[in-house]
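Visitor: Have a look at this one.
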């Protein structure tokens, strides 16, 4: 059975490499469960950081404890608190803020483990993924009072009722919708975003991975969203508006659609994010950002309703630009 939240402790075993010390609930047999070993193996600095996976979001805390038994005089450990986000009705920004709010608890957890007598001794059993029985025996053998500490923080993190578990019905979530003009390449853009996310799994530069959480929430709406009607912001979190090159008819349609959106959400929100992407082919002239904004000519009141960002790129080739565009969108949401 898949759970909504997990609390795991990992460490670097000198013989085995990255290894689980303990995880509750037990690590599931789930192909989408994060490869936490790779985070521990490739992260060089201590501290807390968010890490995004296709179906999980995590806050991770890496630290070292002094140990005469370890090479270099210290043990490398990581505490990971994970959310399976399909279980939650909270939108993207709420999940990020929720995880960030747990940093202080993870730091306190580190402090308790660092001060725990003989704790380093149980890190040298060289047993792959010890189960609870194995760990209990190790703790008794070395007189390590590990479980009361773990259970204390488990209760604070995993049993925290602050996020309500609901059904997996994705219809209740607010989505980021790709909209725009006919034949602009909406399906191609979505497929390429998913491909970028897949191939970036081996890229452990955290600054380039944060966008991957968007994948679960980016959709092409069906049926098509009618921009002439009132927009339901209970289901819409942001728009990605796509159009094909800067021909006069296309830029005119862009202006008309942005104005329709503003009219239909003006009394409901402020700073609604719209990422505008001009899909250009090789050899075509791209529009300049100031050209687009000058053409749209938003009034000061309109600028309060929406927050626009323009990118001109080839949706098949410009992967780095697509990542930068999605990072901008993330920052508006969180």
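The values are calculated or read from the model by the stated rules, or taken from the named source; none is laboratory data. As the structure is a prediction and not an experimental result, all values here were calculated from the model. Heads up, the Cβs are rebuilt from the backbone with ideal geometry, glycines too, and the neighbour counts pull from every protein chain shown.
Visitor: Determine whether segment 309-319 contains at least one residue that is free of Cβ contacts under 8 Å to residues at least 12 places away in the same chain, surrounded by fewer than 18 Cβ atoms within 10 Å (Cβ to Cβ) and more than 21 Å from residue 195 (Cβ to Cβ).
Guide: no
Visitor: Still on this structure, please answer the following. Tell me which residues, restricted to segment 172-201, are assigned to a helix (DSSP H, G or I), closer than 20 Å to residue 237 by Cβ and modelled with pLDDT of 80 or more.
Guide: Correct list: 186, 189, 190, 193.
Visitor: Does residue 7 satisfy being free of Cβ contacts under 8 Å to residues at least 40 places away in the same chain, within 20 Å of the chain's Cα centre (by Cα) and not in a loop (DSSP other than H, G, I, E, B)?
Guide: Numbers: free of Cβ contacts under 8 Å to residues at least 40 places away in the same chain: no; within 20 Å of the chain's Cα centre (by Cα): yes; not in a loop (DSSP other than H, G, I, E, B): yes.
No; evaluated as a whole, the condition is false for this residue.
Visitor: While we're looking at this one, here's another question. Can you report the number of residues in segment 25-47 which are closer than 20 Å to residue 103 by Cβ and either surrounded by fewer than 19 Cβ atoms within 10 Å (Cβ to Cβ) or outside the structural domain of residue 76 (by TED's automatic domain parsing) (or both)?
Guide: Number of matching residues: 5.
Visitor: Pairs, please: C-beta under 8 Å, at least 6 apart or cross-chain, first residue free of Cβ contacts under 8 Å to residues at least 24 places away in the same chain and in segment 10-25, second crowded, with 19+ Cβ neighbours inside 10 Å and not in a strand (DSSP E or B)?
Guide: 18/36; 18/40
Visitor: Follow-up. Applying the selection to segment 40-73, what residues are in contact with a strand residue (DSSP E or B) (Cβ under 6 Å, 6 or more places away or on another chain) and assigned to a helix (DSSP H, G or I)?
Guide: 40, 41
Visitor: Continuing with this model, one more query. Can you pull out every residue in segment 228-244 that is over 27 Å from the mean Cα position of the chain (by Cα) and without any contact (Cβ under 8 Å) to a residue 40 or more places away in the chain?
Guide: Those that are over 27 Å from the mean Cα position of the chain (by Cα) and without any contact (Cβ under 8 Å) to a residue 40 or more places away in the chain: 228, 229, 230.
Visitor: Can you find a residue in segment 262-275 that is at pLDDT below 90, in the same structural domain as residue 183 (by TED's automatic domain parsing), surrounded by fewer than 16 Cβ atoms within 10 Å (Cβ to Cβ) and assigned to a helix (DSSP H, G or I)?
Guide: Taking segment 262-275 first, the residues at pLDDT below 90 are 266-270.
Checking the rest, the ones that are also in the same structural domain as residue 183 (by TED's automatic domain parsing) come to 266-270.
After this cut, where a residue has to be surrounded by fewer than 16 Cβ atoms within 10 Å (Cβ to Cβ) as well, the list is 266-270.
Still in the running and assigned to a helix (DSSP H, G or I): none.
No, that holds for no residue.
Visitor: While we're looking at this one, here's another question. Select, from 317, 303, 307, the only residue that is over 18 Å from the mean Cα position of the chain (by Cα) and assigned to a helix (DSSP H, G or I).
Guide: Working: 317 fails: assigned to a helix (DSSP H, G or I); 307 fails: assigned to a helix (DSSP H, G or I).
Result: 303 is the single residue among 317, 303, 307 that is over 18 Å from the mean Cα position of the chain (by Cα) and assigned to a helix (DSSP H, G or I).
Visitor: Taking segment 236-261, which residues are part of a loop (DSSP other than H, G, I, E, B) and in contact with a helix residue (DSSP H, G or I) (Cβ under 8 Å, 6 or more places away or on another chain)?
Guide: Answer for segment 236-261, where residues must be part of a loop (DSSP other than H, G, I, E, B) and in contact with a helix residue (DSSP H, G or I) (Cβ under 8 Å, 6 or more places away or on another chain): just 246.
Visitor: Is one or more of the residues making up segment 258-265 without any contact (Cβ under 8 Å) to a residue 40 or more places away in the chain and touching a strand residue (DSSP E or B) at 6+ places or on another chain (Cβ under 9 Å)?
Guide: Looking through segment 258-265, none of the residues is without any contact (Cβ under 8 Å) to a residue 40 or more places away in the chain and touching a strand residue (DSSP E or B) at 6+ places or on another chain (Cβ under 9 Å).
Visitor: So which residues in segment 74-87 are at pLDDT below 75 and in contact with a strand residue (DSSP E or B) (Cβ under 7 Å, 6 or more places away or on another chain)?
Guide: Correct list: 85, 87.
Visitor: Within segment 108-126, can you find the residues that are outside any helix (DSSP H, G or I) and either loosely packed, with under 15 Cβ neighbours inside 10 Å or outside the structural domain of residue 80 (by TED's automatic domain parsing) (or both)? Walk me through how you get there before you give the answer.
Guide: Residues of segment 108-126 outside any helix (DSSP H, G or I): 115-118, 125-126.
Across segment 108-126, the qualifying residues are 115, 117, 118, 126.
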